[in-house]
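Below: one structure, written as structure tokens.
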Amino acid sequence: IGGTMTGDTIHNDSIKSLYGTGNDLEVYHDGSHSYLKDSGTGDLKISSNTVRIESDGAENMIIASANGAVNLYYNNNQKLATTNGGISVTGDGAFTGDVALADNKKVLFGAGNDLQIYHTQGASGSFIQNFTSDLYINQAAVTQSIFFKTSDANALDTTALTISRNGDLTTGRDVTIAGDLTVNGTTTTVNSQTLSVDDPLISLAINNAANSLDIGYY
């Protein structure tokens, strides 16, 4: 037997509206909190072309649209939305866990995707690519150095290059220079047992225009 309500129904605190043969759905207020509680079989479904959850002051919290975006808000400002290709984030993001990208998927920076970081599938490798202006690697921690490590017998067991706090550069092994080498300073020290020079001539005191210095080896 059905019926039509023509006025409000009043339920005191902890008095429930019960739905389902097994009272699977409960709606009530316990004096402190309000509850829409489903403990039965199946899902709790809210069906609408647009689902809007808002605060008591009518500020947006969540808006979900059929065939469209689901938008999340903070203080009535949209911060995250689903898109056809993934998600769109407005503002900063803070992560307490890893961020995982599949092979060939890139992290893009700049309006023109000028800086890209990614790993390719297979043996091609990992890449940091910059397409506009200079690329800076800045060590901003005072008195600290920069280390470049490689893997010889074990992972990261070899320091290939060190740039110290004052800019000194130390390599772990051999250095091959494809072009010219210019050394600016007052002292150049070579600590080796054998020095081999392919060129037949060595010029000394090339900037001594007045010919006022004694030159030679000692």
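The values are calculated or read from the model by the stated rules, or taken from the named source; none is laboratory data. All values reported here derive from a predicted model rather than from experimental measurement. Counting neighbours? That spans all protein chains shown, and the Cβs are built from the backbone with ideal geometry, glycine included. Surface accessibility is based on the protein's heavy atoms, side chains included, excluding ligands, DNA and RNA. Shrake-Rupley method; radii C 1.70, N 1.55, O 1.52, S 1.80 Å.
Largest GNM mean-square fluctuation among 178, 64, 205, using the chain with Cα springs under 10 Å: 205. Run down the lysines and flag those whose C-alpha is under 26 Å from the C-alpha of residue 79, throwing out any fewer than 8 positions away in its chain. Straight-distance partners of residue 79: 45, 105, 106.
Normalising the Debye intensity of region 84-218 to I(0), with uniform scatterers on Cα atoms only, and taking log10 at q = 0.18 Å⁻¹ returns -1.43.
For trypsin sites (Lys or Arg not before Pro), the sites in region 40-145 that DSSP calls loop and that have at most 12 other Cβ atoms within 10 Å are 45, 105.
Determine the distance separating the Cα centre of region 120-175 from the Cα centre of region 35-92; give it in Å without decimals. After rounding, the separation between the Cα centres reads 44 Å.
At 1.4 Å probe size, with the rest of the protein present, what percent of the exposed accessible area of the chain is carbon and sulfur atoms? Percent of accessible area from carbon and sulfur atoms in the chain: 49.
Using a probe of 1.4 angstrom and keeping all protein chains present, the accessible surface of region 73-218 works out to 92 square angstrom per residue. Can you find, among 181, 162, 101, the residue farthest towards the positive end of the dipole of the chain? Put +1 on the C-beta of Lys and Arg, -1 on that of Asp and Glu. My answer, from the dipole projection, is 101. Note: relative contact order over the chain, using C-alpha pairs below 8 Å and six or more positions apart, is 5 percent.
When the chain is treated as a GNM with alpha-carbon contacts under 10 Å, the residue of 65, 192, 88 showing the greatest mean-square fluctuation is 192. The magnitude of the dipole of region 51-157, with charges of +1 and -1 set on the Cβ of Lys/Arg and Asp/Glu and taken from the Cα centre, is near 180 debye. For region 10-103, the mean projected area of the C-alpha convex hull, equal to one quarter of the hull surface, is 10.3 nm². Of the chymotrypsin sites (Phe, Trp or Tyr not before Pro) found in region 58-109, the ones in coil according to DSSP and having at most 10 other Cβ atoms within 10 Å of their Cβ are 95. Ranked from largest to smallest solvent-accessible area, with a 1.4 Å probe on the protein heavy atoms, 218, 118 come out as 218, 118. Net charge near residue 26: determine it from the other residues with C-beta under 10 Å of the C-beta of residue 26, scoring Lys and Arg +1 and Asp and Glu -1. Surrounding charge for residue 26 is 0.
Order the following by accessible area, largest value first: 70, 190. Probe radius 1.4 Å; ligands, DNA and RNA are ignored.
190, 70
Taking the chain as a Gaussian network of alpha-carbon nodes connected by springs under 10 Å, the highest mean-square fluctuation of the residues 22, 93, 172 belongs to 22.
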